[in-house]
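S.K.: Just dropping this structure here.
Read-outs: derived from the displayed coordinates by stated rules, not from any lab. This one's a predicted model, so the numbers in the text were calculated from it and none came from an experiment. Note: ideal-geometry Cβ built from the backbone for every residue, glycine included; neighbour counts use all protein chains shown.
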Amino acid sequence: MTAAAARVGPRLAQQVRARWQRLLALWRRWRLWVALVLVVALMLGVLAWLARNHEIDELQRALDRDNAAAAQTLRQGLVRRQQDLHGLAILQLTPEGWPPAAMALLDRYRDWLRLEWRDTHLRLLASADSPYYPAFQLPDEGPLGQEVQRVREVCANAARLDGASYSESHFVQRSAGVGEEVMQMCLPIGSGARRSGYLVVTYSLAGMLSAMLAPAYTQRQSVAFTELDGTRLAVQGGPRRGARLFVSQQLFDLPGVALVLRMDGGRQAPDTLPNVMTALVTGLSIALVTVLILLARDFRRRQQAEAELGEALAFRKAMEDSLVTGLRARDLQGRITYVNPAFCAMTGFAPEELIGHALPAPYWPPEHVSEYAERQAVRLAGAAAPSREGMESVFMRKDGTRFPVLIIEAPLIGATGKHGGWMGAVLDLTAQRRAEEMSRASQERLAASSRLATVGEMASLMSHELNQPLAAISSYANGSLNLLAAEAAPTPTLADLRVALARIAEQAGRAGKVINSVHDLVRRRASQRQAVAPAALLDAVLPLVQLQARKLGVRVQINCAPSLPAVWCEPTMIEQVLLNLARNAMQAMADSPSPRLLRLTVQPEPLARGARAVLRFAVSDTGSGISDEVAGQLFTPFFTTKAEGMGLGLSLCRTAIEQHGGALVHEPQWPRGTVFSFGLTVADPPAHAPPAAPDETPAPRAAAAASGAAR
């Protein structure tokens with residue numbers, strides 16, 4: 001039994017949890033509709049309540065208007081009666097002739113109970129009672145009577161005001177126990193010293209209401225005079241039974257007394273739906289709720305369709321955003337209607353800067369605007385058929401840089417089959433062009449390497465073959481010198497001949513050294529470096545330089561102090577570098593105007609802390625200089641600006657200087673010309689001479705380092 005209960009417990013809890021989950025899912029599905037129905041019901045209730053309160057406010061305002069109009073009518077009636085009393089006073093009648101005139105006024109104004117004429121001492125001269133109140137009892141005329149006291153007070157107030165004054169209301173009994181709420185009004189006759197007495201009128205408050213107010217005021221409501229504390233003094237009319245009572249109070253202020261004019265209106269209270277408009281709005285709202293409930297069954301299908309559509313749009317947007325191909329849509333007038341992020345990243349413009357933009361497009365280069373405009377006019381006119389192969393063009397980024405693109409454009413057909421514009425795919429060809437350029441440069445480097453290998457083989461072969469002829473030349477020159485030395489009587493001619501033969505032997509030996517160094521480099525042997533004075537390096541090349549300088553009309557200037565320390569180098573290679581730079585400088589001045597000056601300069605560089613001392617060799621000319629286009633390829637193998645040049649001179653010179661741990665650089669010279677310079681390390685004492693730098697130059701390039709090819 002316990003085991004069965006233990007099994008049933010978790011199962012029941014699971015069922016309850018599943019039911020709550022279903023109820024929660026149902027609530028989540030229908031909560032918007034329930035909230036909408038509640039909001040509509042609340043709005044209907046608020047609308048009915050506001051309409052009912054509006055009707056109640058309208059009834060109250062109407063009663064307030066009637067009360068204000070009734071008060072105004074009463075004031076006008078009192079003013080009119082005062083005017084008639086003034087007319088009675090003007091008649092100057094005797095006490096015996098005064099009652100008939102007073103009776104005429106009492107007959108006209110039925111709210112008057114009594115009219116009295118008193119002298120200045122308030123003694124009664126004449127009086128008249130209203131015929132409409134036969135049971136009215138005369139007030140007490142004793143000197144201490146309350147009625148006389150009231151008359152004295154009200155007339156004293158009238159004298160002080162010099163105008164009509166009213167007394168407070170008081171109750172006067174009639175016969176058979178019936179009474180009347182009355183008040184006196186005293187009107188002075190004359191003014192100041194000419195005052196001849198007072199006219200005292202006793203008003204019936206109930207008579208005032210019935211005589212002065214039209215029947216319309218008392219048909220649906222009651223009109224009453226009350227005191228300030230709410231005590232009723234006189235009432236006329238009455239509200240309808242079963243109606244809601246509306247109350248309006250108006251202060252009725254008279255000289256000497258203040259009353260409240262109260263109007264109780266018996267009006268029918270508004271219904272729950274007080275007017276047709278409210279009922280119509282309520283009916284329409286109920287119909288709207290019904291329609292919404294009927295549409296609820298379609299809501300889920302609409303939600304599902306919208307979800308599927310949203311997923312499709314999100315997938316399409318993700319595909320468009322992930323493309324590296326730029327997409328651009330244009331209408332039939334050429335205005336851009338759509339661009340994807342790849343197109344914006346390609347051109348550098350934001351979508352809002354492109355969408356809606358007409359021709360010319362902001363990414364068109366200014367120099368191609370007319371050409372592109374003509375091409376787009378042909379395309380928009382439909383004269384050019386779309387090409388699947390695409391068309392190459394040039395676009396401009398926002399920063400002004402140009403880049404090549406491939407445009408593939410096709411007609412944009414809408415869902416109705418109507419041609420609405422053009423859809424274009426734009427490919428950035430910058431990477432492709434860069435790859436093509438790198439491939440071309442690689443092919444050129446391979447070709448240059450092949451040519452360098454051929455040059456190396458030729459240099460190796462020539463170094464082997466030229467050794468024997470050069471040795472023969474040196475032997476013949478030395479033999480000739482020996483023969484001339486045997487002559488007993490030397491002549492000037494023989495002396496010159498000895499000098500020439502000595503130079504021939506010297507240059508033949510030097511050529512042999514060059515060939516031997518090239519041969520050693522080809523076999524990748526370490527170069528033999530030594531400490532050499534800078535002046536010795538310049539003196540070695542100076543004869544050849546001066547020989548060519550005389551032919552070209554160039555003046556040679558040497559700036560090298562004898563006290564400069566020796567440099568650590570291979571003299572043959574450095575001499576070839578200086579000779580090559582000097583020949584190039586003189587050839588650069590061939591077409592330049594005079595003066596043509598070749599300057600060979602050696603001077604120490606500023607010594608940095610911890611660095612070795614360096615001497616800078618400079619070769620400067622006064623030629624036309626080197627253009628920026630040529631300067632970028634100046635040290636490229638096989639690049640030359642001369643018809644007879646091989647393009648290896650400067651490249652091999654740079655290689656030789658780099659093997660010595662320096663760098664061959666050039667810079668413009670003011671006002672004209674170019675300066676080529678390189679630095680060589682100052683030699684240490686012989687016991688501490690630095691080791692030779694390893695030769696990492698390929699054999700073909702090193703073999704050509706000793707050649708004298710012009711740039």
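S.K.: Using r as the Cβ-Cβ distance of R75 and L36, and R0 as 56 Å, what FRET efficiency do you calculate, to the nearest 0.05?
M.R.: It comes out at approximately 0.45.
S.K.: Between I408 and Q149, how many nm apart are label points set 7 Å from Cα along the C-beta direction?
M.R.: 12.2 nm
S.K.: Oh, and also: Please compute the modelled spin-label separation between E96 and Q432, points set 7 Å along Cα→Cβ, answer in nm with one decimal.
M.R.: 14.3 nm
S.K.: Related question: If R₀ is 22 angstrom, what is the calculated FRET efficiency for the pair Q669 and L552, using the beta carbon separation as r and rounding to 0.05?
M.R.: In this case the efficiency is close to 0.75.
S.K.: For V16 and A381, calculate 0.36 nm times their separation in residues minus their Cα-Cα distance, and state this gained length in nm to one decimal.
M.R.: Result: 124.2 nm gained on full extension.
S.K.: Trypsin sites (Lys or Arg not before Pro) within the range 591-674: which are DSSP loop residues with at most 16 other Cβ atoms inside 10 Å?
M.R.: The qualifying sites are R609, R612, K642, R672.
S.K.: Counting every Cα pair in the range 74-267, what percent are over 26 Å apart?
M.R.: Percent of Cα pairs beyond 26 Å in the range 74-267: 34.
S.K.: Something else now. Rank these for me by crowding, S167, S624, S439, going from fewest to most other beta carbons within 10 Å.
M.R.: S439, S624, S167
S.K.: Please compute the length gained on full extension between D298 and L497, using 0.36 nm multiplied by the number of residues separating them and subtracting their Cα-Cα distance.
M.R.: Value of the extension gain: 59.5 nm.
S.K.: Obtain the nm distance between the two label points defined at E444 and S475 by a simple spin-label model: each point lies 7 Å from its Cα along the Cα-to-C-beta direction.
M.R.: 4.8 nm
S.K.: Further, regarding this structure: Would you please state which residues of the range 279-298 a label at H54 would reach in this model, taking the label point 7 Å out along Cα→Cβ and a backbone N cut-off of under 18 Å?
M.R.: 279-286
S.K.: Further question: With an 8 Å cut-off on Cα pairs and a minimum separation of 6 or more residues, tell me the relative contact order of the range 74-267 in percent.
M.R.: 18 percent
S.K.: What is the extension gain from L254 to E353, computed as 0.36 nm multiplied by their sequence separation minus the C-alpha to C-alpha distance, in nm to one decimal?
M.R.: Taking L254 through E353 to full extension adds about 27.5 nm, to one decimal.
S.K.: With a Förster radius of 25 Å, plug the Cβ-Cβ distance of Q173 and Y132 into 1/(1 + (r/R0)^6) and report the FRET value to the nearest 0.05.
M.R.: Given R0 = 25 Å and the Cβ-Cβ separation, E is 0.90.
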